[in-house]
Amino acid sequence: MIFTGGEINHPDYGNELHHEVELVLLVGETVKKVKGVEAEKAIIGYGVGLDMTLRDVQNELRKKGDPWTIAKCFDTSAVISDFVLKKDYQLKSDEKLELKVNGVVKQSDNLKSMIFNPAEVVEYISSIMTLEKGDLIFTGTPAGVSRVNRGDKLEARLGEITDLGCTVA
């Protein structure tokens, strides 16, 4: 994981590095099997993140029926912004999640388009495993995922509340 301003290192074992911009939830308390209001209360902050994926590696592993771990979990594969605490800002779900590559918008959608709202995501995950204070949940990406290359500059934004910038090395 790296923070805004960092460099994403493009692993040598893959050729197609793709971006996926996502809303990131910051969990503020340890919870298990929470629902509704309790699930919402477990979220203490919001950020924007990049889930970087080696798509060619992922596709090859998928064909073999193997886990995708090395396609999604490599040094610098997750980039996160600063977090805005929920006590300072309440999501309205009309915020836009956007990613630009070299100044060109590649992904842009409204949080209302999410299949599951943040509390539902926490409900589901906590039904399977314990969420601990400090955990980060990447919630999924809108359409527009595409390839990035070494030297590209990525800029992501969640409405007017937080943003990040990084480059691909």
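Long-range amide H contacts for Gly45: which residues qualify at under 5 Å (H placed 1.01 Å from N, peptide plane, sequence gap of 5 or more or a different chain)?
Long-range HN contacts for Gly45: Leu26, Lys86.
In whole angstrom, how far apart do the alpha carbon centroids of segment 150-169 and segment 1-80 sit?
Here the answer is 15 Å between Cα centres.
What list of ³J(HN,Hα) couplings, whole Hz, do you get for segment 150-166 from phi and the Karplus terms 6.51, -1.76, 1.60, once you set θ to phi - 60° and write x for glycine and proline?
3J(HN,Hα) across segment 150-166, in whole Hz: 4, x, 5, 9, 10, 10, 10, 8, 10, x, 9, 9, 7, 8, 8, x, 7.
How much length is gained on full extension from Val37 to Ser108, taking 0.36 nm per residue of separation minus their Cα-Cα distance?
Result for the pair: 22.7 nm of gain on full extension.
When only C-alpha pairs under 8 Å and at least 6 residues apart count, what is the relative contact order of the chain, in percent?
Once normalised by length, the contact order is 37 percent.
For q values of 0.20 Å⁻¹, compute log₁₀ I(q)/I(0) with the Debye formula on a Cα-only model of segment 74-169, without solvent.
These q points yield log10 I(q)/I(0) values of -1.19.
Here is the link list: Lys41/Lys106; Lys41/Lys86; Lys106/Lys153; Lys41/Lys133; Lys86/Lys106; Lys86/Lys112. Which ones come out longer than 21 Å on Cα distance?
Those over the limit are Lys41/Lys106; Lys86/Lys106.
Divide the volume of the convex hull of the Cα atoms of segment 20-67 by its number of residues and quote the answer in cubic angstrom per residue.
Looking at segment 20-67, the number lands at 118 Å³ per residue.
Tell me the angle of helix 118-128 to the major Cα principal axis of the chain, expressed in degrees between 0 and 90 and rounded to the nearest ten.
Long axis of 118-128 versus the principal axis of the chain: about 90 degrees.
Relative to the compact-globule scaling 2.2 N^0.38 Å, provide the ratio for the alpha-carbon radius of gyration of segment 1-133.
Taking the Cα Rg and dividing by 2.2 N^0.38 Å, one obtains 1.16.
Contour minus end-to-end for Asn9 and Phe116, with contour as 0.36 nm per residue of separation and end-to-end as the Cα-Cα distance?
Using 0.36 nm per residue and subtracting the Cα-Cα distance, I get 35.4 nm.
All of the numbers you see were taken from the coordinates with simple rules; none came from a lab. Quick caveat: nothing in here was measured; it's all calculated off a predicted structure.
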